[in-house]
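Q: First the structure, then my questions, so here it is.
The values are calculated or read from the model by the stated rules, or taken from the named source; none is laboratory data. Computed from a predicted model, the values in this text were never measured in an experiment. Here the Cβ positions follow ideal geometry from the backbone for every residue, glycine too, while neighbour counts run over all protein chains shown. Keep in mind that these areas ignore ligands, DNA and RNA; they rest on the heavy atoms of the full protein, side chains included. Shrake-Rupley method; radii C 1.70, N 1.55, O 1.52, S 1.80 Å.
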Amino acid sequence: MLFTSKKNYILVVSFLLCMQTIFAQDSKLGDSLQIVYDANKLSGVDQLELLRNLSFNKISNKSESIKYANELIKLSAESKNYLYLYRGYSLRGQAYSFAGDISLALESFIKGSEVASKLDDKSYEGGAFLTIADVYSKIGNSNNADFYYLKSIEILRKTNDSISLASALLNAGDEAFKNNQFQKSLSYFKESRLIFKKIDYPMGVAYNLGNEGMVYAEQGKDKLAEQYINQALVVLEEFEDYNAITTYLTYMSDIYLRRENFPVALKYAHRSLELATEHKLKEQISDANLTLSNLYEKSGNTKESYKHYKDYIAYRDSIINIDNVQQIADLRTNFEVSQKQTEVDLLEQKRKNQRIVTYAIGAALFFIALLAFLWYRRYLFIRKTKQIIEKERDRSDSLLLNILPEETAIELKLNGNVKAKKHDAVTVLFSDFKGFTSYSEKLSPEELVKTVDFYFSKFDTIMEDYGLEKIKTIGDAYMCAGGLNGNQKEAAHNMILAAKDIIDFVEKTKTNNITQEFTFDIRIGINTGPVVAGVVGSKKFAYDIWGDTVNIASRMESMSQPGKINISEGTHALISDQWTCDYRGEIEVKNRGILKMYFVND
């Protein structure tokens, strides 16, 4: 039995299509609008707006929707109202696309983009390029799809249209995913999700979560995939978006199949088929049947496997419109037969002319082969260049995330700068090696750097384990912070755990024969309070935090003892329910008065 790879039939969740699902046409509204239209009492912009609403609410009726869109185009052109002219072409394109007439849809969208370029608001032009890119993506023309997605994103970044920008990023991520460019697609999805989250658009967040889950599934990261897809399903079920739900259910089935948990895999696949059948989603019915056929074959149930494979073939053929394909095949056969007959006639009548034709055909074939070879060389060069560019882009993104927190890095990429932010409760840690200054005077520069790197590399790993941010190092002092992204109490607790790990590492280093020659005692101080965070510099920029909280954390460190964690009263209030602490007394801090200190016990 022949099976296709799942990647060959993934449903790509198109945001514009989902918008049509969300704003489903109300038949009563459509009837009311029809009554107003039949009365024929409106004119000017009111008439154009009525035609726009009629075309949209009749989208499920191709002929009606196109009729009103054409009337809108005609009247808008006569009155030179370019905004409604653009909307007319866009609605007509959506109607053709909804009915499956892709070439006519593309023609309308391209005309719409030409009109949109004349409007002052560039978000319309960006949206027009997005619809064109979606059509090219749908018909499998990846080069054109990529080209128009990039144009759309470039324009929309310069506007305030967050929904359209997030939608373009989402669909561009889908296109990269179809071409197995997983890191690129994840980058698009994450940026899109952050924008949707910022504008409180749960459906957009859900699509990105589901799509990120599909990427993780293709990478074999099943736990992450399951986590993200389940989060998406919760939101999508609330909005009854069955088009996307059935696709994600198929991926959940795939995940459990890889775990060889056939009962759960079958449960998700059957649920996908039930919903797709109930809501008449042909492409999803075909996908679910193929998944079930694979599952039953792997579990040894050949009869059920064959049954579902037959259903898969039936629905697949209805999707690609096998009758049209057969007509094209018949036309080609008739053409080839007539050509053969012509060749026979010429052979019988004029052999000399036939030789000339043969030589001409040979020369033409050679020329075509040469062009094909040159095109293929060019294609390889372009592909290699794109791979290098993508690799360097991923590398630069990775380096940026090593320097800045994720949200700050994305803000810097989007806007070219980062606004300073105030955080109400951030936990700051300072550490310092006892006697390091006198020890460093005895070392060569190379040995000194090697020693510092040995300790701080481990500290960096500990920060990453607990989700904390390294801020900077100054000589042998190490500074980090937690709670910059919320969860202040959890961040304070994690900072204590990280401090414990640092002390344990320093102590274990003393017992290691290899490293005994450069061991130290370490002091740690921690404080919690408000800070201001931001990026300074334009070339060699650095992420930093400021405020009395930082100064007090430094004082806590200087007042600490080797192998001890000295915390302020602010930090103690957050962690006292989980840690036992010894009260140490009070110190006077400039501009802050008397502050209490505590040692954290084991």
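Q: Taking a cut-off of 29 Å between Cα atoms, list the lysines near residue 41, but don't count ones fewer than 8 places away on the same chain.
A: Of all the lysines, those that pass the test against residue 41 - Cα under 29 Å, at least 8 places apart if same chain - are 28, 58, 62, 67, 74, 80.
Q: OK, next. With a 1.4 Å probe and every protein chain left in place, tell me how much accessible area residue 447 has, in Å² to the nearest 10.
A: Per-residue accessible area (residue 447): approximately 90 Å².
Q: Sequence-distant or interchain residues sharing an amide H contact under 5 Å with residue 480, placed H: which?
A: The list, which skips near neighbours in sequence, is 429, 471.
Q: Accessible surface of residue 474 in the full protein assembly, 1.4 angstrom probe, to the nearest 10 Å²?
A: My reading of the accessible area for residue 474 is about 110 Å².
Q: Per-residue accessible area for residue 302 at 1.4 Å probe radius, Å² rounded to 10?
A: 100
Q: For 205, 45, 234, write out the residues from largest to smallest accessible area, computed with a 1.4 angstrom probe and no ligands counted.
A: The residues order as 234, 45, 205, largest area first.
Q: Using amide H atoms built in the peptide plane, which far-off residues or other-chain residues are under 5 Å from residue 521 H to H?
A: The list, which skips near neighbours in sequence, is 434.
Q: On a 1.4 Å probe surface of the protein chains, which of 595, 429 comes out largest in accessible area, and what is the full order?
A: So the residues, ranked largest to smallest area, are 595, 429.
Q: Under 15 Å from the Cα of residue 590, which aspartates and glutamates turn up, not counting those fewer than eight places away in the same chain?
A: Cross-link targets: 548.
Q: Hey, another quick one. Along the principal axes of its C-alpha atoms, what lengths does region 218-288 span, in descending order and rounded to whole Å?
A: Principal-axis extents of the Cα atoms in region 218-288, largest first: 30, 23, 19 Å.
Q: In whole Hz, with x marking every Gly and Pro, tabulate ³J(HN,Hα) for region 283-297 from phi via Karplus 6.51 cos²θ - 1.76 cosθ + 1.60, θ = phi - 60°.
A: Karplus values, whole Hz, x for Gly and Pro: 5, 6, 4, 4, 4, 5, 5, 5, 4, 5, 4, 4, 4, 5, 5.
Q: On to the next question. Tell me the relative contact order for region 456-534 as a rounded percent, counting alpha carbon contacts under 8 Å between residues six or more apart.
A: Reported relative contact order: 20 percent.
Q: Can I ask one more? Please turn the phi angles of region 479-496 into ³J(HN,Hα) values with the Karplus equation 6.51 cos²θ - 1.76 cosθ + 1.60 (θ = phi - 60°), one per residue in order, whole Hz, x for glycine and proline.
A: Per residue, the Karplus-derived 3J(HN,Hα) values read 10, 9, 8, x, x, 5, 10, x, 6, 4, 5, 4, 5, 5, 4, 4, 5, 5 Hz.
Q: If I model a spin label at residue 231 and residue 40 as a point 7 Å from the Cα along the Cα→Cβ vector, what separation in nanometres do I get?
A: 5.7
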